[in-house]
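The values are calculated or read from the model by the stated rules, or taken from the named source; none is laboratory data. Model, not experiment: these values are computed from the prediction. Positions of Cβ are generated from backbone atoms using ideal geometry, with glycine treated the same way; all protein chains shown enter the neighbour counts.
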Amino acid sequence: MAGLQVFSARRWRRAIWLGSLVGLSGALWAAPALAWAAPALAAQEGQAPAAADPLAAAQSADAPAQRKGLEQWLQTVSAAARSLNYSGVFITQRGDEISTSSLVHYVLPQGHFERIETLDGQRRIMVSLNDEVRTSWPDYRLTLIDNQAGQASFPRLLKTTDGEVDRNYRLERGGLQRCAGFECRVSTLLPRDELRWGYRLWSLRDSQLLVKAQTLDAAGHVINQVAFTELKVNVAPRQSLVRDSLHQPPGYAVEQMKVVPVSLQSQGWALSSQVPGFKTVGVFRRSMSVGSKPSEVLQWLLSDGLASVSIFVQSAADLSEPVAPEQRVGGTLALSRRIGDSWLTVMGAVPERTLRRISEAIVRVQ
(Lines give C-alpha, C1' and ligand atoms only; values in the text may rest on other atoms or scores of the structure.)
Protein backbone atom coordinates (compact mmCIF):
# COMPACT_ATOMS: atom_id res chain seq x y z
CA MET A 1 0.00 0.00 0.00
CA ALA A 2 2.82 2.42 0.84
CA GLY A 3 4.48 1.72 -2.50
CA LEU A 4 1.19 2.39 -4.27
CA GLN A 5 0.82 5.74 -2.48
CA VAL A 6 4.34 6.82 -3.49
CA PHE A 7 3.71 5.74 -7.08
CA SER A 8 0.40 7.58 -7.21
CA ALA A 9 1.96 10.76 -5.79
CA ARG A 10 4.70 10.67 -8.41
CA ARG A 11 2.21 10.04 -11.19
CA TRP A 12 0.12 12.95 -9.89
CA ARG A 13 3.11 15.30 -9.79
CA ARG A 14 3.92 14.20 -13.32
CA ALA A 15 0.37 14.97 -14.41
CA ILE A 16 0.60 18.43 -12.83
CA TRP A 17 3.91 19.06 -14.61
CA LEU A 18 2.34 18.20 -17.96
CA GLY A 19 -0.82 20.11 -17.08
CA SER A 20 1.18 23.24 -16.36
CA LEU A 21 2.61 23.06 -19.87
CA VAL A 22 -0.90 22.88 -21.30
CA GLY A 23 -1.74 26.05 -19.42
CA LEU A 24 1.34 27.74 -20.81
CA SER A 25 0.35 27.02 -24.40
CA GLY A 26 -1.22 30.48 -24.47
CA ALA A 27 -4.76 29.85 -25.70
CA LEU A 28 -6.82 33.05 -25.83
CA TRP A 29 -9.66 31.58 -23.79
CA ALA A 30 -7.47 30.13 -21.01
CA ALA A 31 -8.18 31.22 -17.48
CA PRO A 32 -5.50 33.71 -16.42
CA ALA A 33 -2.29 32.07 -15.29
CA LEU A 34 -2.36 28.31 -14.73
CA ALA A 35 0.84 27.58 -12.79
CA TRP A 36 0.69 29.65 -9.73
CA ALA A 37 4.85 36.08 -0.84
CA ALA A 38 2.64 37.95 1.13
CA PRO A 39 3.60 41.68 1.39
CA ALA A 40 1.73 43.85 3.88
CA LEU A 41 -1.62 45.10 2.63
CA ALA A 42 -1.91 48.86 2.43
CA ALA A 43 -5.44 48.98 0.99
CA GLN A 44 -8.28 49.46 3.47
CA GLU A 45 -11.02 46.82 3.60
CA GLY A 46 -14.20 48.14 1.96
CA GLN A 47 -12.53 51.09 0.26
CA ALA A 48 -12.69 51.16 -3.52
CA PRO A 49 -9.62 52.55 -5.34
CA ALA A 50 -9.58 55.51 -7.65
CA ALA A 51 -9.77 54.95 -11.39
CA ALA A 52 -6.44 53.86 -12.88
CA ASP A 53 -4.59 56.12 -15.31
CA PRO A 54 -4.38 53.66 -18.28
CA LEU A 55 -8.16 53.87 -18.65
CA ALA A 56 -8.50 57.64 -18.54
CA ALA A 57 -8.84 57.88 -22.32
CA ALA A 58 -11.45 55.10 -22.45
CA GLN A 59 -14.14 56.44 -20.15
CA SER A 60 -16.36 58.21 -22.70
CA ALA A 61 -18.99 55.87 -24.14
CA ASP A 62 -18.19 54.27 -27.51
CA ALA A 63 -15.18 56.57 -28.00
CA PRO A 64 -12.26 54.36 -28.91
CA ALA A 65 -12.35 51.86 -31.72
CA GLN A 66 -13.50 53.90 -34.71
CA ARG A 67 -10.81 56.53 -34.13
CA LYS A 68 -8.03 54.22 -33.02
CA GLY A 69 -6.19 51.45 -34.75
CA LEU A 70 -7.00 47.86 -33.92
CA GLU A 71 -3.93 47.35 -31.78
CA GLN A 72 -4.48 50.53 -29.80
CA TRP A 73 -8.05 49.45 -29.06
CA LEU A 74 -6.86 45.99 -27.96
CA GLN A 75 -4.32 47.66 -25.68
CA THR A 76 -7.21 49.56 -24.08
CA VAL A 77 -9.10 46.28 -23.58
CA SER A 78 -6.02 44.69 -21.99
CA ALA A 79 -5.38 47.78 -19.85
CA ALA A 80 -8.92 47.56 -18.49
CA ALA A 81 -8.33 43.95 -17.42
CA ARG A 82 -5.18 44.95 -15.56
CA SER A 83 -6.31 48.29 -14.13
CA LEU A 84 -9.81 47.64 -12.81
CA ASN A 85 -10.99 45.83 -9.69
CA TYR A 86 -13.59 43.20 -10.57
CA SER A 87 -14.98 39.86 -9.46
CA GLY A 88 -17.31 37.32 -10.95
CA VAL A 89 -17.97 33.85 -12.29
CA PHE A 90 -17.01 32.78 -15.81
CA ILE A 91 -17.52 29.70 -17.93
CA THR A 92 -14.97 28.22 -20.31
CA GLN A 93 -16.06 26.03 -23.21
CA ARG A 94 -13.51 24.06 -25.23
CA GLY A 95 -15.25 21.79 -27.69
CA ASP A 96 -17.73 19.74 -25.67
CA GLU A 97 -16.04 20.53 -22.35
CA ILE A 98 -17.51 23.25 -20.13
CA SER A 99 -16.06 24.40 -16.82
CA THR A 100 -16.99 27.13 -14.34
CA SER A 101 -14.62 29.23 -12.24
CA SER A 102 -14.75 32.21 -9.91
CA LEU A 103 -12.37 35.13 -10.45
CA VAL A 104 -11.25 38.07 -8.31
CA HIS A 105 -8.86 40.73 -9.60
CA TYR A 106 -7.55 43.63 -7.49
CA VAL A 107 -5.02 46.38 -8.10
CA LEU A 108 -3.14 46.70 -4.81
CA PRO A 109 -0.20 48.85 -3.71
CA GLN A 110 2.06 45.79 -4.00
CA GLY A 111 0.82 44.88 -7.48
CA HIS A 112 -1.81 42.93 -9.36
CA PHE A 113 -3.62 40.27 -7.33
CA GLU A 114 -5.76 37.58 -8.89
CA ARG A 115 -7.54 34.53 -7.49
CA ILE A 116 -9.27 31.88 -9.59
CA GLU A 117 -11.01 28.82 -8.20
CA THR A 118 -12.62 26.04 -10.19
CA LEU A 119 -16.25 25.51 -9.17
CA ASP A 120 -16.76 22.10 -10.76
CA GLY A 121 -14.61 19.03 -11.27
CA GLN A 122 -11.28 18.75 -9.47
CA ARG A 123 -10.86 21.68 -7.07
CA ARG A 124 -7.98 23.97 -8.01
CA ILE A 125 -7.12 27.40 -6.63
CA MET A 126 -4.83 29.73 -8.56
CA VAL A 127 -3.47 32.80 -6.77
CA SER A 128 -1.17 35.26 -8.51
CA LEU A 129 0.61 38.38 -7.36
CA ASN A 130 2.18 40.08 -10.36
CA ASP A 131 4.11 37.36 -12.25
CA GLU A 132 4.29 34.75 -9.48
CA VAL A 133 1.48 32.24 -9.56
CA ARG A 134 0.63 29.54 -7.01
CA THR A 135 -1.70 26.72 -7.97
CA SER A 136 -3.00 24.55 -5.14
CA TRP A 137 -4.89 21.25 -5.28
CA PRO A 138 -6.50 20.94 -1.82
CA ASP A 139 -7.53 17.31 -2.33
CA TYR A 140 -3.87 16.38 -2.90
CA ARG A 141 -2.40 18.97 -0.52
CA LEU A 142 -0.02 20.08 -3.24
CA THR A 143 1.06 23.56 -4.45
CA LEU A 144 2.93 24.43 -7.65
CA ILE A 145 4.76 27.78 -7.77
CA ASP A 146 5.52 29.22 -11.19
CA ASN A 147 6.41 32.47 -12.91
CA GLN A 148 4.35 33.40 -15.94
CA ALA A 149 5.67 36.80 -16.93
CA GLY A 150 4.14 38.00 -20.16
CA GLN A 151 1.31 35.44 -20.33
CA ALA A 152 -1.89 37.07 -21.56
CA SER A 153 -5.30 35.45 -21.17
CA PHE A 154 -8.95 36.22 -20.46
CA PRO A 155 -9.92 38.93 -19.86
CA ARG A 156 -6.56 40.22 -21.12
CA LEU A 157 -5.84 39.92 -24.83
CA LEU A 158 -2.61 41.24 -26.33
CA LYS A 159 0.45 39.00 -26.19
CA THR A 160 2.74 41.34 -28.15
CA THR A 161 2.75 45.08 -28.82
CA ASP A 162 4.94 45.27 -31.91
CA GLY A 163 2.29 46.49 -34.35
CA GLU A 164 1.75 43.09 -35.99
CA VAL A 165 -1.91 42.67 -35.05
CA ASP A 166 -3.14 45.03 -37.79
CA ARG A 167 -1.29 42.96 -40.39
CA ASN A 168 -2.94 39.73 -39.24
CA TYR A 169 -6.49 40.85 -38.36
CA ARG A 170 -9.01 43.53 -39.24
CA LEU A 171 -11.63 44.98 -36.91
CA GLU A 172 -15.34 44.89 -37.69
CA ARG A 173 -17.52 46.79 -35.23
CA GLY A 174 -21.00 45.54 -34.36
CA GLY A 175 -23.86 46.82 -32.28
CA LEU A 176 -24.64 46.74 -28.57
CA GLN A 177 -25.71 43.59 -26.71
CA ARG A 178 -26.31 42.78 -23.06
CA CYS A 179 -23.87 40.31 -21.55
CA ALA A 180 -23.62 39.35 -17.85
CA GLY A 181 -26.05 42.19 -17.11
CA PHE A 182 -23.96 44.89 -18.83
CA GLU A 183 -24.36 46.75 -22.10
CA CYS A 184 -21.45 45.64 -24.29
CA ARG A 185 -20.09 46.56 -27.68
CA VAL A 186 -19.64 43.54 -29.98
CA SER A 187 -16.48 43.52 -32.10
CA THR A 188 -15.21 40.88 -34.53
CA LEU A 189 -11.55 40.36 -35.39
CA LEU A 190 -11.40 38.85 -38.87
CA PRO A 191 -8.20 37.02 -39.91
CA ARG A 192 -6.47 38.25 -43.04
CA ASP A 193 -5.44 34.71 -44.06
CA GLU A 194 -6.20 31.04 -43.31
CA LEU A 195 -3.36 30.63 -40.81
CA ARG A 196 -5.33 31.98 -37.86
CA TRP A 197 -8.84 31.98 -36.49
CA GLY A 198 -11.15 34.91 -35.93
CA TYR A 199 -12.54 36.23 -32.65
CA ARG A 200 -15.80 37.79 -31.55
CA LEU A 201 -15.48 39.99 -28.47
CA TRP A 202 -17.95 41.60 -26.08
CA SER A 203 -16.48 44.54 -24.12
CA LEU A 204 -18.05 46.97 -21.66
CA ARG A 205 -19.24 50.12 -23.38
CA ASP A 206 -17.50 52.47 -20.95
CA SER A 207 -14.24 50.86 -19.75
CA GLN A 208 -13.81 48.30 -22.59
CA LEU A 209 -13.29 45.46 -20.08
CA LEU A 210 -13.68 42.16 -21.92
CA VAL A 211 -16.79 40.25 -20.82
CA LYS A 212 -16.99 37.48 -23.41
CA ALA A 213 -14.72 36.08 -26.13
CA GLN A 214 -15.37 33.50 -28.83
CA THR A 215 -12.88 31.81 -31.13
CA LEU A 216 -14.33 31.37 -34.65
CA ASP A 217 -13.33 28.98 -37.42
CA ALA A 218 -13.21 29.92 -41.12
CA ALA A 219 -16.97 29.40 -41.44
CA GLY A 220 -17.72 31.56 -38.42
CA HIS A 221 -18.62 28.66 -36.13
CA VAL A 222 -17.71 28.96 -32.45
CA ILE A 223 -14.77 26.69 -31.53
CA ASN A 224 -14.14 27.87 -27.99
CA GLN A 225 -15.51 30.59 -25.78
CA VAL A 226 -15.10 32.12 -22.36
CA ALA A 227 -17.64 34.45 -20.78
CA PHE A 228 -18.57 36.03 -17.50
CA THR A 229 -21.99 34.90 -16.27
CA GLU A 230 -21.72 37.11 -13.18
CA LEU A 231 -19.60 40.26 -13.01
CA LYS A 232 -19.07 43.14 -10.58
CA VAL A 233 -16.80 46.03 -11.59
CA ASN A 234 -15.02 48.60 -9.39
CA VAL A 235 -15.36 46.39 -6.33
CA ALA A 236 -13.50 47.16 -3.11
CA PRO A 237 -10.57 44.83 -2.30
CA ARG A 238 -11.33 42.32 0.45
CA GLN A 239 -8.24 42.45 2.63
CA SER A 240 -9.07 39.19 4.40
CA LEU A 241 -9.43 37.33 1.09
CA VAL A 242 -6.08 38.63 -0.15
CA ARG A 243 -4.29 37.79 3.10
CA ASP A 244 -5.74 34.28 3.30
CA SER A 245 -5.06 33.59 -0.38
CA LEU A 246 -1.39 34.63 -0.16
CA HIS A 247 -0.83 32.45 2.91
CA GLN A 248 0.60 29.03 2.05
CA PRO A 249 -1.60 26.34 3.67
CA PRO A 250 0.31 24.20 6.19
CA GLY A 251 1.00 20.57 5.42
CA TYR A 252 1.13 21.00 1.64
CA ALA A 253 3.93 19.65 -0.54
CA VAL A 254 5.36 22.57 -2.56
CA GLU A 255 6.86 22.18 -6.03
CA GLN A 256 8.86 25.13 -7.39
CA MET A 257 9.01 25.62 -11.15
CA LYS A 258 12.27 27.34 -12.06
CA VAL A 259 12.07 29.57 -15.13
CA VAL A 260 15.17 30.86 -16.93
CA PRO A 261 14.97 32.98 -20.12
CA VAL A 262 17.37 31.69 -22.78
CA SER A 263 18.18 32.45 -26.40
CA LEU A 264 16.91 30.13 -29.11
CA GLN A 265 20.35 30.05 -30.73
CA SER A 266 21.99 28.84 -27.52
CA GLN A 267 19.51 25.94 -27.35
CA GLY A 268 20.23 24.81 -30.91
CA TRP A 269 16.77 25.13 -32.46
CA ALA A 270 15.37 27.13 -35.37
CA LEU A 271 12.57 27.28 -37.96
CA SER A 272 13.61 26.29 -41.48
CA SER A 273 10.82 28.51 -42.84
CA GLN A 274 8.76 31.24 -41.23
CA VAL A 275 5.00 31.01 -40.80
CA PRO A 276 3.56 34.40 -41.85
CA GLY A 277 2.55 36.58 -38.93
CA PHE A 278 4.06 34.41 -36.19
CA LYS A 279 7.21 35.56 -34.41
CA THR A 280 9.23 34.26 -31.48
CA VAL A 281 8.18 36.21 -28.37
CA GLY A 282 9.95 34.16 -25.70
CA VAL A 283 12.18 31.16 -25.02
CA PHE A 284 12.34 29.73 -21.49
CA ARG A 285 13.91 26.76 -19.80
CA ARG A 286 11.56 25.39 -17.16
CA SER A 287 12.57 22.84 -14.56
CA MET A 288 11.04 21.23 -11.49
CA SER A 289 11.26 18.03 -9.47
CA VAL A 290 8.77 15.35 -10.46
CA GLY A 291 8.79 12.98 -7.51
CA SER A 292 12.48 12.47 -6.78
CA LYS A 293 13.61 13.05 -10.37
CA PRO A 294 14.29 16.54 -11.76
CA SER A 295 12.58 17.26 -15.07
CA GLU A 296 13.37 20.01 -17.55
CA VAL A 297 11.62 21.34 -20.62
CA LEU A 298 12.30 24.12 -23.11
CA GLN A 299 9.32 26.33 -23.99
CA TRP A 300 9.49 28.28 -27.24
CA LEU A 301 6.60 30.71 -27.67
CA LEU A 302 5.39 32.09 -31.01
CA SER A 303 2.61 34.66 -31.40
CA ASP A 304 0.88 36.81 -33.98
CA GLY A 305 -0.17 39.29 -31.28
CA LEU A 306 -3.36 37.43 -30.32
CA ALA A 307 -3.01 33.73 -31.04
CA SER A 308 0.02 31.89 -29.74
CA VAL A 309 1.73 28.55 -30.25
CA SER A 310 4.02 26.89 -27.74
CA ILE A 311 6.75 24.44 -28.69
CA PHE A 312 7.90 22.22 -25.83
CA VAL A 313 11.21 20.36 -26.14
CA GLN A 314 12.06 17.60 -23.69
CA SER A 315 14.76 14.94 -23.53
CA ALA A 316 13.45 11.56 -24.65
CA ALA A 317 15.30 10.01 -21.71
CA ASP A 318 13.03 11.91 -19.29
CA LEU A 319 9.87 10.32 -20.70
CA SER A 320 8.87 7.05 -19.08
CA GLU A 321 5.84 6.57 -21.35
CA PRO A 322 5.48 6.77 -25.16
CA VAL A 323 4.19 10.05 -26.59
CA ALA A 324 1.21 10.00 -28.94
CA PRO A 325 1.96 11.81 -32.23
CA GLU A 326 -1.40 13.58 -32.06
CA GLN A 327 -3.69 14.28 -29.14
CA ARG A 328 -6.30 16.81 -28.14
CA VAL A 329 -6.10 18.42 -24.72
CA GLY A 330 -9.23 20.34 -23.79
CA GLY A 331 -10.07 20.90 -27.44
CA THR A 332 -6.53 22.00 -28.32
CA LEU A 333 -4.54 19.90 -30.80
CA ALA A 334 -1.03 18.85 -29.77
CA LEU A 335 1.45 17.43 -32.31
CA SER A 336 4.51 15.51 -31.11
CA ARG A 337 7.50 14.07 -32.91
CA ARG A 338 11.03 13.01 -32.12
CA ILE A 339 14.14 14.75 -33.44
CA GLY A 340 17.34 13.02 -32.35
CA ASP A 341 17.26 12.56 -28.59
CA SER A 342 14.49 15.15 -28.06
CA TRP A 343 10.70 15.03 -28.11
CA LEU A 344 8.92 18.11 -29.49
CA THR A 345 5.29 18.94 -28.74
CA VAL A 346 3.61 21.82 -30.59
CA MET A 347 0.25 23.11 -29.40
CA GLY A 348 -1.87 26.22 -29.58
CA ALA A 349 -5.25 27.75 -30.43
CA VAL A 350 -4.66 27.96 -34.19
CA PRO A 351 -5.88 26.07 -37.27
CA GLU A 352 -4.42 22.60 -37.74
CA ARG A 353 -2.62 23.63 -40.95
CA THR A 354 -0.77 26.34 -39.01
CA LEU A 355 0.26 23.94 -36.27
CA ARG A 356 1.55 21.42 -38.83
CA ARG A 357 3.52 24.06 -40.75
CA ILE A 358 5.23 25.16 -37.56
CA SER A 359 5.90 21.58 -36.44
CA GLU A 360 7.38 20.57 -39.78
CA ALA A 361 9.61 23.67 -39.91
CA ILE A 362 11.41 22.97 -36.60
CA VAL A 363 15.02 21.90 -37.14
CA ARG A 364 18.06 21.19 -34.99
CA VAL A 365 21.03 23.50 -35.60
CA GLN A 366 24.54 23.34 -34.21
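Checking 212, 159 one by one, the residue that is modelled with pLDDT under 95, basic (Lys, Arg) and buried (at least 19 other Cβ atoms within 10 Å of the Cβ) is 159 and no other. Contact map, the stretch 218-229: residues that are within 8 Å of residue 92 (Cβ to Cβ) and part of a loop (DSSP other than H, G, I, E, B) paired with residues that are at pLDDT below 95 and small (Gly, Ala, Ser), Cβ distance under 8 Å, separation 6+ or inter-chain. No pairs are found. If you check residue 226 against the conditions, is it of a type in the set (Val, Ile, Thr) and surrounded by 17 or more Cβ atoms within 10 Å (Cβ to Cβ)? Yes: the conditions hold for residue 226.
Right, residue 284: surrounded by 12 or more Cβ atoms within 10 Å (Cβ to Cβ) and farther than 22 Å from residue 341 by Cα or not? So residue 284 fails the test.
Taken together, the residues in the stretch 108-149 that are surrounded by fewer than 17 Cβ atoms within 10 Å (Cβ to Cβ) and among the aliphatic types (A, V, I, L, M) amount to 2. When the test is whether a residue is under 22 Å from the mean Cα position of the chain (by Cα) and at pLDDT below 85, residue 327 passes it.
If you go through the stretch 220-255 and keep only what is within 19 Å of residue 138 (Cβ to Cβ) and either among the hydrophobic types (A, V, I, L, M, F, W, C) or in contact with a strand residue (DSSP E or B) (Cβ under 9 Å, 6 or more places away or on another chain) (or both), you end up with 241, 242, 245, 246, 248, 249, 252, 253, 254, 255. The strands (runs of 3 or more DSSP E) found wholly in the stretch 93-140 and carrying at least 3 residues that are farther than 20 Å from residue 235 by Cβ occupy 97-108, 132-137. One residue alone among 281, 259, 275 is among the β-branched types (Val, Ile, Thr) and farther than 20 Å from residue 349 by Cβ, and that residue is 259.
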